Each structure stands twice: as structure tokens, then as C-alpha cells.
Protein chains: 2
Amino acid sequence: MSGLGFLHRPTSVAVVGASDDPEKIGGRPLRYMREFGYGGTVVAVNPKRETVQGMPTVPRLADSPVVPDVVLVAVPGQAAVDAVRVAAEMGSRGAIVMSSGFGETGTPEGLRMQDELLGHARAAGMRVVGPNSQGLASFESGAVMGFSTLFTEEPPADGPVGIISQSGALASVPYGILRRRGIGVRYAHGTGNDLDVTAAELAAEAVTDPGLKLLLLYLEGVTDPESLVELGERSRERGVPVVALVGGRSRSGSRAAASHTGALATERRVLDAFLERVGIWQVHGVRELVAASELYLQDWKPQGEGLAVVSNSGAVCVLAADAAEDADLPLASLSEHTVARLDAELPTFAATGNPVDVTAALLTDSGLFGRVLPVLGDDDAVGACLLGIPVAGRGYDVERFARDAAAFAAGGTPLVCAIPQPNVAAPFRAAGLPVFDDEDSAVTALAQYLAHRRRMARAAGLPRPALARPGDRGGDGGSLNEAESLAALAGLGVPVVERELVGSPSEVEAAFGRLGGRPVVVKGSSATATHKSELGLVRLGCATAADAVAAAEAVAASADAHGVGLDGFLVAPMVRGLHEGLVGASLDPVFGPVMLLGAGGTYVEAVPDTQVLLAPCTHDEVREAIARLRMAPLLAGVRGEPAADVDAWADAVVRASEALADPSSPIAGFDANPLLLLEDGVVAVDAVVLTR
Amino acid sequence: MSGLGFLHRPTSVAVVGASDDPEKIGGRPLRYMREFGYGGTVVAVNPKRETVQGMPTVPRLADSPVVPDVVLVAVPGQAAVDAVRVAAEMGSRGAIVMSSGFGETGTPEGLRMQDELLGHARAAGMRVVGPNSQGLASFESGAVMGFSTLFTEEPPADGPVGIISQSGALASVPYGILRRRGIGVRYAHGTGNDLDVTAAELAAEAVTDPGLKLLLLYLEGVTDPESLVELGERSRERGVPVVALVGGRSRSGSRAAASHTGALATERRVLDAFLERVGIWQVHGVRELVAASELYLQDWKPQGEGLAVVSNSGAVCVLAADAAEDADLPLASLSEHTVARLDAELPTFAATGNPVDVTAALLTDSGLFGRVLPVLGDDDAVGACLLGIPVAGRGYDVERFARDAAAFAAGGTPLVCAIPQPNVAAPFRAAGLPVFDDEDSAVTALAQYLAHRRRMARAAGLPRPALARPGDRGGDGGSLNEAESLAALAGLGVPVVERELVGSPSEVEAAFGRLGGRPVVVKGSSATATHKSELGLVRLGCATAADAVAAAEAVAASADAHGVGLDGFLVAPMVRGLHEGLVGASLDPVFGPVMLLGAGGTYVEAVPDTQVLLAPCTHDEVREAIARLRMAPLLAGVRGEPAADVDAWADAVVRASEALADPSSPIAGFDANPLLLLEDGVVAVDAVVLTR
């Protein structure tokens, strides 16, 4: 996984298909490396011309005077495969194949060539980026081994942001946006088909760069979760946040991704849980991908939790408060001391709660912001500030406002500005402050920045997800019957109901007695039947032994009628829970064992209320997941009901998750629904367990 | 309500407090009217100067040589009140009071002056805008009777958009954004305290302007729902959409609004239902307020329902599909004929489904967009198109792309563009096409535009909401007891359970017999007790007459123990529903009778699943509201259960809503929970009815 640093700082680069035309795919990298200051050796390979763009050429890659560190391939089809073969034979460390027409076409010939190409590289231990790659562009070293038009349109400048994308367009678009905002970009990589080196693997390399402060990632699928786990770990160690956009969330988007990069559809909630687990912040569009960039580049040290809002407009105060609630960013409750200090600074008609409306008094008292912000910053409840100036201009001392705001932010308290007028925003931007067009965008970016920090800190304390083992597809071994399932579930650490398994209806009477004569439920035990209630295989509330025997006979008759084979009859006491929950697990082909928990009962498919966690998970994670359920308010006990034992539920999920994460576990998944939630403990009364 | 046109085209304007300084509040309107071409008479009132800004003055308003059509007041406190009095006495039609220090301060003196001011105006039939108003700016007539700094910062141009706002800042901010985007603005009004003329009333006047194509509205509360109803009606008649931002959605935002404009907190769901009902589109921030403006100004004629996406980037296709699903805008399913035509136009490796990925072939075939768009437009399933060009520039015939796109959109099919590069976007903008920075923003704006059209069409078929009558506060008359409540509920048209009311436990036996000997429930009937189950006033499942009598005695004992007075004992057959629903109603102090429907049972407060509709409502509205409930999937019948009678539920809600909307109704509200949903019909088994 590591050792990809040479792709960022190659000692030499050969371009196969070097073109004299600086606008062609084979011409642009030559021009870019020349213009953007690449200091290594460049070898131009072209069998038809003595020179390209003023550089001497060699006719064949094999004629290169040096073993190229990296070979950049801009010739099509089989010629590209051959170039990779030669590079591998020469001992190059890597090849970047920009040519398309491979796996992404879905054609047999494209797939065959791709396989051959990979074979040559693997045989020699050479790494390959692509094919169908826009190339890798490193602006620190000047090794711009790619053909993005954008480097012509928006001149590069080295800086603290890395962009790594499977899609060339989605490397170029954030590059362009950031450059137009004056932010330097160190990497803009478009990796393509990810046949060997994946975008995630490159990202895990890039994030170790001491000059990086933010990494933006675009993926259309995850084939390489190990690299993302490693990316998350390094991101946290180095304090370099990763913001990821994964295209294909929707059904139609996922279909489009399959035809674009051949991405496999992932159950999205599992991916979401995974990214949250490893501390990567997920966004849902390009705008969001870059929206908070300026915040990540600051050297703030947030202390408190709450937001303080200051504006010269009451309406902006109102809208910022609305936006803060939308973004789950609470407004700080100011201390009495703070309010008293604000009262002393502000005119009597100003609002000195939070938000702070300094009113039009700003026009005559240019020092207002400079006096109010430090008062807010001194309050322990204030973790960040928003300064909203919807209207200013002639008559306002805007330069001073910007100076005062920058001086305040330099103290370490996050400060974002909402300033729609470009001329008013300019001095704030010049002072290095993040400025947004409106309070909503500013608050949203700030909330992301703060929540992402918390998520990274939290991720550092969580176990590594188990991830998939080869062949994980979930339940290939088939399902156990009800009796075996309940036993296996108990073995996983999930409490299950007391029960008796008997072979025939006549034995039910004795089982009833052994259970103490309490009312019982009688079920047919079968490994094949699902939705047992609909098939008449479950009889509830048998109050007497005779009832129970009759119930077993009825179950047997129903099983016959539906052609269901029974392994016996389960007799169990009727248990009433306070609420019905569920716990389940399955094997994701990429992310391995995944836990499901939520509201149980017969409506779980029609009205789902569930949460997903990767195994193994912690008690705290499960408690948080339970708290996110719609049913959560019921668990504390409403209308005089007792509280349910949420700790016991969490324990059961944690124990089962640890068992599933054990590589030797024979269990591929299970479904315990309902899991009855009691005042003291939980108990599964129904289970299906799948084996590997 | 009507007759405010003179505020947009006054024949003469007197400025009280006319200043020689063109940057002062009393100076700016003079300068603006001069610079922006106001053609009527302007009278400058200043007792201290012979001229201001080169204009002759009169010392007192009463000395004006003409009766000013509108008097603009820029003097503080009592002087403003006096100016209003004089204006009223002179026979002016309106006064605009820009001075602050009135009701918005919350001080007794401010409120007193405000009352006096209103009294003078009312006595003479003169209308008043403000106080605390930024003024009204009409750029068609040049009557810029306001002081916004923005008119200096961003020069005005008359155009098709009106902006009406209670907040001055929120009139100026959208004005600035639109002007910077090159869009003309006809009105930018900041109304202030809305003591007499409200923002809604001005909006209802503005929307009748034949030159207007879009009206943007900012409010911090609704005091004048009649004007909003009228605004909605005129908006639909004239085809001028209204987009509204109402600040104070959140708890803290609502508190801030109370201190900013003294807005009353409205139950937000009622406001949301109201705006939807009258066809006004509600947004949640400034960015959204202006985001779709360019779309509203087009002369499109959308036909189909679905979105078609075309791009030269596969990733943009993926992200646009994701965004479309987020925005509830379905991707069009193209006909086989369309796909065959696309296949003929596109390279073999292009994706010819929807989204259409034309790939990098665009670089060599500049006519691709021009050929593909009309093929999509011909498909009946396509209602709108998105063109995404994430990367272009040198080597691309961008001018031709823009020409082809504009020619296509001229045919009436909505077309939005997602083009992040300013130089690539420029020719599209110049051709009049709406261009966004990213596919998410483009799709979101398009979805709003299309959904708003549908909402306006739907609103045209709905009855006027009843709205509040004076004194509506809900339930001042107290609650009826259970027996009276059920009877009253039946009178409203909601089916209620068969029942017997008896005075003592001993009479329960006969009641049991009259109900046919079925198992019954026995309840204590009381007008005061809520949560009867917790008080032991409900006994379910009495199978025999003796059980029922014993139950009544136990209820009587519980009532005694809790000090609850009983009016008798209700005996009713046990009814089992498929599901528990609820229907309720209350009186909103602004919007009048409001219906509530949703999932019923004991958890309705802890885990609410309800929808709100204004009375009277239609069967279709109720069906749609039921379909939005989380419980909706259950109603069709899952896991072999029969479907519930949703029609009967809807009928009950409609009938009750019509009864409540009748001004003579003595009912102020009710709560029927649970309303049992049956296979055939619905039945209320529990009710509390409040009277006026």
C-alpha cells in the first residue's frame, strides 16, 4: 500500500506517444512539465519525429537513455499494453495509462487487453495507474503527468489541498473552483479504471505529505476498503481531514456509475457507516465538496460547542439561527457576564442575546465588531462565531471591520463571514478569513468543519472494521432451523428465550410441564420457511397443555398443507416485551460483517426504522445508533411506561458484532426479530441464522 | 386591499427631513429619485435650509405647494408622528415612515407613538408603510422612496423581478445578488413594522404589474393571511410565481425574530401548509430565495415529467442522477425509438441511456449537443434537460455549444446548464440560458421551477382557507365530556363507535344487553380528565355483563381516588381496527381551523407521524397527506393483511374540515385518537371536543 511516493516525485518520466501538438493528450504532459517546472528527466517517445515541442525523441520506449521511473502511456489499445510490457521489463516503478478503450467499455477485447496489461505489470512488480486515467498532476514537483484542459484554463499554484478522483472531470472541476478562489492545489489526480493503484491507495499516500492540509476525494465505488481504512488512520494521525464525494447514491446514479466506471452498487447505508467510522466526511455534490475548504486551511483551535452570531441586520440574525438549527449547530447560551459586557458595548436598542444584532449603529461606531467579537470569544459556551454583514459599502469602515475580525480569529476561535457584496467581502478575504455569500452557506460549512473534527477524534477510538474476507457474499452455507438458530444466536451472545424442542405434537405436553405450566407459544422449526406466521407455523398464547398439543397438531397440518418440512416443534413461554426491537447481521461483499439494529415486529420491511454499524462495534456506537432511531423516545418510557433496558440491547449487538468479526466465525449473518426489549434485559424469541 | 398602486407610481412625493447630504437617510431618496428618473413632483421639507442638494425647500410639510401623493418621513420620534398627522390632514394618499424607534423597540413610548401615528392615518383614510421601513423603491417609475445603500453599490435597472421584504437588509441582499447576475429589478421594498400596509398586501398589489415575472418575498411572521391568499390567487391568475422566505423557522430563529420585528411565533407546520395551499413556494435561506430566478424568467412550456441529462463527463451524469433523486425529479425513461436515434448520433462507446454521456468525442464533434438535445426533446417522457459541461475551454467550440443549446431551449423545453468555468459559461449566459456552477444546483433549481408550476396549478383548484375569525385562540369554551364529545364528533361527520351512556354502575348491565352481549369497554365520562387510561378510567375487554358492572365500579373508585368528577359511564363494544389513526382539529390564531391527521395510539406525542391541512380541505389533499405519512405503506396491507379504508378516513377529515370552516360552527377543535381504521370504514372510539 505504501511506497507510491515516486508517483508524486518521479526522478524521470517517459511519455509514450509524445506529441508535437501541445494540445494533444500526448503533447500536454510535455508542455505542462516544462511550464510547471518539473526538474527530472523527461523522455519523449515517438517513432515518427526526431523532435516534439523542441525536445529530442527516442523512437521506442526501449531506446530510452534512462530507465524511466514512470512511463506515461498515451497510445491506444494494444500499443498501450505493449508499452506497459516494455516498461515492466525495463524496471520502471510505475506506468500511468491515459488511453481509454479498456475495461470501461465493457467489451471482451477491452477487458482482455486490461487483463494482459495488468499481467505484465504484476509479473515485474510494477504499479499501474489507469487505464482510462486523466493522469496524475503534482504541482509541488511539477510532475504533471496528465492532460487536463483545466491546467491551461486556470494556472496552477502549489498549495495545501490535494484532489484525488476516479473521474478526470471530478479532479478538474474542484481544481478549477479552488484555483479561482485563490487556493493552491498540490495534487489533481484522475485515476480512471483503478485496475491496480486505486484512488484510495493514492489518497493514503498523498495524505502523508507534510504540506497537505486537506484532501478531497471523488469515488464511484469502493473496491479497496483497506486503503480507505489506512487513509482514515493516517488522516487522523496527521490531522489532514478527508472530504469524500461518492457518486452513485441514487438508483439511477448507481446505474450511471456502472456504465461509467463499472462501479459495483454498494448498499449505501453500509458505505455511509464505513466512512463515518473511519472519520472521512461524506458530501453529496461538488458544491459541498469544496464548500468548507477555506475553513480546513485555518489554524483554529475551537474550544466551546456553541455558535455566536453577530450582524448589523436583525434578519440575518434570524436566518443564521434558523440555519444553525438545520445544521445541528447549537447557538451558544451566553453567560450573564457576557450579556452584561455586551450591554455595555452596544446601543440600548441592540439585541444583546445571541444572536447579537448591533443594528445600524455600526454606521457611526466602526469599532463595534472589534469590541463585540472578543466579548463573545471570552465566553466558554462560544465555540465559533459568524459575522454577517448583508449590507455595507460607502459610509462604512469596511477595512476596519475586516482588520478587527482577522485579529479576533487569529486568537484561535473559528470565525466565518457571510458577506454577499464582493467589494465588502474583499478585505475580509484578503485578511485570510473564510467569506460566504450568505449565512446559510457559512453556518453549514462551519458545522461541517466542527463536526468533522469531532468525527475524526471519535474515529481514533474505534476498532478497525473487520472488512470482507475473500468470498464473502453472505449466507452461502444456508440457514439453520429455528431451534439451531436460537442456539447459535445465544452462542453469539444474544440472550434468547427459554425453550424446548420436541419431535412430535405428543411430546409437547411434557415440554409444557417442564416450562412450568406458563402460557406458551408453539412453533414449527424449519430451516426453509420464512414468514412463519403467514404459513400458520406459529401459535401464540396456549394456556394449557392440551391447547399446546392441539396447537402443535395444527402447526403440523399447516406445514403439510404448505409443503414445509419441519425439524420439530419449539415450545417457549410467552414473553411480553415493553417494545419490539431487532438485531441482525449480514456480510457485505466489500465491508464484511455489518450489524443492523432497529424497531422490530412485522412491519420492519414496510416501515423500516433501522441503523447500520460495521462490526466490530463499540457500546457507545450502538447507544448512539439506538438514539438515532425514530423509536428512541419510547425507550425512556412514555405515558407512565417503564424504560427499556437499552444497555442490554447494546451489549447484545456488541457481543454479536465481535463474534461476527472473528475471522473463524462460521456465522454469515442472522436476523433476530423481534428482540423483545424488557425492563431488565432483552430476549430474542425468533431467529434465522445463516452460515458461511 | 387593492388600490396601493399609487405607492409604485406616486404623482408627487414630499420628503420630510430632506437632507442636503446625499448619503443621509433624508438625502438619499432625493438623490435616488433625481438619478433614477422619477418624473413626478418632489417636495423637500426642511425648516433650516433654503435648498437641499440644489433643490428649493419648504420649511414645513403644510407649506407644500401640492398635496403630496406620498409623504416620506425621515424625521425621528414625535416629529414623525406629527408629519403623518399633517399628511393625513392634507389629504395625502400614503405615508412611508423610515424612522425607527417605534414598536420594534418594545418600549411603551415607541408603542404609544406608533398607536398615535396609526390613529392619525386611519382617521383620514391614509395608508402608512412602516415605521422602521427602509422604504419603497420602484425602478420603473423612478419613485425610489427609500435609503438602501445598495442602490449606490449596484446601480438599478428596471426588470421583471419584484422584491418585497419586511427587513431592509433582506430587500437589499436579493437586489444586489440579482443585479450582479444582470437581472433587472422593478421593486425593492423594505416595509418594516407593517403597522398598516403589510408586505403581503404590497406584494398582492405588485404581482398585478404586467411587467412582473417573479416576486420574491421575505417575512418574519404572518399577521395578514388574507393578503397572502389574495397574493396567491393573483399570482396564479397572472402566472407570476411567488417565492417566499419566512425567517424564524427554528426555536432560536423565532426568538430572534420576536426581538427583531416583534413577529409572533407561528406553528411552522401550519404556515408551511398554508403557503403550499395558496401556491407560494417556500425556501429556507437567501441562496434558495434567488437560486431559480433565471428559470422563472424564461418562456418555457414544459410538457413531459422527466429529466434528461446530457454531459461530456460520466461523473457529471452520475452526480446529476443522484441530485435528481434528491430533488424528487425523476429521470425520464427514454423510448426505444429515442435510444435508437441517440445510438445513431453518438460514438459506440457513449452511454445512450439517460443520462447521455457523449464522452470526449465532443472535442472532435462539436455538433453533438446540437443533435442530441432535439432527440431528447422529441421524447414525450422528457420534460426538461440538464446540460453538464464540467470541463471545456481551448479546443472546444463553446460558442457553438451555446448556440445549439439556446436554439433547443427556444422550442419551449426547459434547459438548465451546469458549467463551472466562467469563460465556458459566458456564451451560454449571453444566450439567455440559466447556468449554474454545478449539476446539483442546476437540478435543484429545475425541480423547484417544475414543482412550483404544479403547485400553482393545484392551488387553483382548492377552496380558500377559512382563516381565523377575530378572537380565535382555540377552545376558550372548554371541553365536552367523552359522551358529548363523541356525539359532537358524529355531528361533524366523523363515524363514532356505537355506545351507551348510563349514570351508574348498576345501569351498565342493561347497557351491556342493549349492545348485544358483545365484549365491551367501560369508560368514565368526564370533561376534565385527559390521559384517562393512566387514571384507571378505561377498562377494556369486559366479556360478561358482570365483568362490565365490576369494571364500572372500579372506574368509579379510580375517579374518586384521583378526584375526577364523572358525568356517567360509557359502555361501547370492543372494536379492533387494522391500524390506529387519528384525526384532530384546532384553531390557529392566524390561519383558523387546522386539521391534523396521522398515526394514532398512545405514542402520538413521543413518536409523531402526522400531517397538517388547512380547513376546508379536499379529498385529494387528504389522500396526498395520508400518503406522506410514515405509516402509509401499512395502509395498503402488508404481510397478508387487508387494506385499510383510506377513503373513509379521508371522507371523515373532509367532512370535519368543512364543518369547522363554517363560521357558525360552535366547535373550536377536537382530538379523535385512536380513529380505528377498518377494512370498511373508520370509527372513532375516543374523543375530546373543544367548544368556542
note = Across (1) of a type outside the set (D, E, K, R); (2) under 28 Å from the mean Cα position of the chain (by Cα); (3) open to solvent by 40 Å² or more (accessible area, probe 1.4 Å), B:Pro642 clears everything bar (2)
message = Name the residue that is surrounded by the most Cβ atoms within 10 Å (Cβ to Cβ), counting only residues in region B:669-685 that are more than 21 Å from B:Gly477 (Cβ to Cβ) and not β-branched (Val, Ile, Thr).
response = B:Leu675
note = Note: among B:Arg403, B:Arg394, B:Arg455, just one is in contact with a Ser or Thr (Cβ under 7 Å, 6 or more places away or on another chain) and open to solvent by 30 Å² or more (accessible area, probe 1.4 Å), namely B:Arg394
message = Let me confirm something: among B:Gly232, B:Gly190, B:Gly285, which residue is of a type outside the set (A, V, I, L, M), within 14 Å of chain A (Cβ to nearest Cβ), buried (at least 24 other Cβ atoms within 10 Å of the Cβ) and touching a residue at least 12 places away in the same chain (Cβ under 8 Å)?
response = B:Gly190
request  = Could you tell me which of the residues B:Val309, B:Val290, B:Val339, B:Val316 is without any contact (Cβ under 8 Å) to a residue 24 or more places away in the chain and either surrounded by fewer than 19 Cβ atoms within 10 Å (Cβ to Cβ) or outside any loop (DSSP other than H, G, I, E, B) (or both)?
outcome  = B:Val339
ask   = List the pairs whose first member sits in region B:434-458 and is more than 14 Å from chain A (Cβ to nearest Cβ), whose second member is among the polar types (S, T, N, Q) and surrounded by fewer than 20 Cβ atoms within 10 Å (Cβ to Cβ), and whose Cβ atoms are under 9 Å apart, counting only residues at least 6 apart or on separate chains?
value = B:Pro434/B:Gln298; B:Tyr449/B:Gln298
Leading residue by the ranking (nearest to the other protein chains (Cβ to nearest Cβ)) among those in region A:319-336 that are touching a strand residue (DSSP E or B) at 6+ places or on another chain (Cβ under 7 Å) and in a helix (DSSP H, G or I) = A:Ala321
ask   = So which residues in region A:2-21 are crowded, with 18+ Cβ neighbours inside 10 Å, on the phi < 0 side of the Ramachandran plot and part of a loop (DSSP other than H, G, I, E, B)?
value = A:Leu4, A:His8, A:Pro10, A:Ala18, A:Ser19, A:Asp20
query = Does region A:582-603 contain at least one residue that is buried (at least 20 other Cβ atoms within 10 Å of the Cβ), among the acidic types (Asp, Glu) and part of a strand (DSSP E or B)?
reply = yes
ask   = From the set of residues in region B:235-253 that are within 14 Å of another protein chain (Cβ to nearest Cβ) and touching a residue at least 12 places away in the same chain (Cβ under 8 Å), which is surrounded by the most Cβ atoms within 10 Å (Cβ to Cβ)?
value = B:Gly247
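Could you list, in sequence order, all residues of region B:353-364 that are assigned to a loop (DSSP other than H, G, I, E, B), crowded, with 16+ Cβ neighbours inside 10 Å and more than 10 Å from chain A (Cβ to nearest Cβ)? Walk me through how you get there before you give the answer.
Taking region B:353-364 and keeping what is assigned to a loop (DSSP other than H, G, I, E, B), we get B:353-355, B:358, B:364.
Now narrow it down to the ones that are crowded, with 16+ Cβ neighbours inside 10 Å: B:353-355, B:358.
Within region B:353-364, B:Val358 is the sole residue that qualifies.
Tell me, which residue of region A:522-579 that is of a type in the set (S, T, N, Q) and either part of a helix (DSSP H, G or I) or within 14 Å of chain B (Cβ to nearest Cβ) (or both) is farthest from A:Trp649 (Cα to Cα)?
First pass over region A:522-579, keeping only residues of a type in the set (S, T, N, Q): A:525-526, A:528, A:530, A:533, A:544, A:558.
In the following step, the residues that additionally are either part of a helix (DSSP H, G or I) or within 14 Å of chain B (Cβ to nearest Cβ) (or both) were identified as A:530, A:533, A:558.
Details: A:Thr530: 24, A:Ser533: 25, A:Ser558: 34 Å.
So the residue we want is A:Ser558.
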query = Within region B:1-55, which residues are at pLDDT below 95 and away from chain A (no Cβ under 14 Å)?
reply = B:Met1, B:Ser2, B:Gly3
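Looking only at region A:29-60, count every residue that is under 15 Å from A:Met145 (Cβ atoms) and not hydroxyl-bearing (Ser, Thr, Tyr) and tell me the total. Talk me through it step by step, then tell me what you get.
Narrowing region A:29-60 to residues under 15 Å from A:Met145 (Cβ atoms): A:29-45.
Next, from what is left, pick out any that are not hydroxyl-bearing (Ser, Thr, Tyr): A:29-31, A:33-37, A:39-40, A:42-45.
Qualifying residue count for the region: 14.
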inquiry  = Considering only region B:164-177, I want to know if a residue exists there that is away from chain A (no Cβ under 14 Å), of a type outside the set (D, E, K, R) and open to solvent by less than 10 Å² (accessible area, probe 1.4 Å).
reply    = no
Qualifying residue in region A:375-382 (condition: in contact with a Cys (Cβ under 6 Å, 6 or more places away or on another chain) and either within 14 Å of chain B (Cβ to nearest Cβ) or more than 21 Å from A:Ala445 (Cα to Cα) (or both)) = no
message = With the structure loaded, tell me whether B:Leu217 is outside any loop (DSSP other than H, G, I, E, B), under 21 Å from B:Arg127 (Cβ atoms) and either touching a residue at least 12 places away in the same chain (Cβ under 8 Å) or assigned by TED's automatic domain parsing to the domain that holds B:Leu433 (or both) or whether it fails that test.
response = yes
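Within region B:263-270, identify whether any single residue is part of a helix (DSSP H, G or I), farther than 30 Å from B:Ala418 by Cβ and open to solvent by 50 Å² or more (accessible area, probe 1.4 Å), and answer yes or no.
Residues of region B:263-270 that are part of a helix (DSSP H, G or I), as a first pass: B:268-270.
Filter once more, so that each one left must be farther than 30 Å from B:Ala418 by Cβ: B:268-270.
Remaining after also requiring open to solvent by 50 Å² or more (accessible area, probe 1.4 Å): B:269.
There is at least one residue in region B:263-270 that is part of a helix (DSSP H, G or I), farther than 30 Å from B:Ala418 by Cβ and open to solvent by 50 Å² or more (accessible area, probe 1.4 Å).
The values are calculated or read from the model by the stated rules, or taken from the named source; none is laboratory data. Everything numeric in this text was worked out from a predicted model, so none of it was measured. Neighbour counts run over all protein chains shown; Cβ positions are idealised from the backbone, glycine included. Remember, those area values only see protein heavy atoms, side chains included, never the ligands or the DNA or RNA. Shrake-Rupley method; radii C 1.70, N 1.55, O 1.52, S 1.80 Å.
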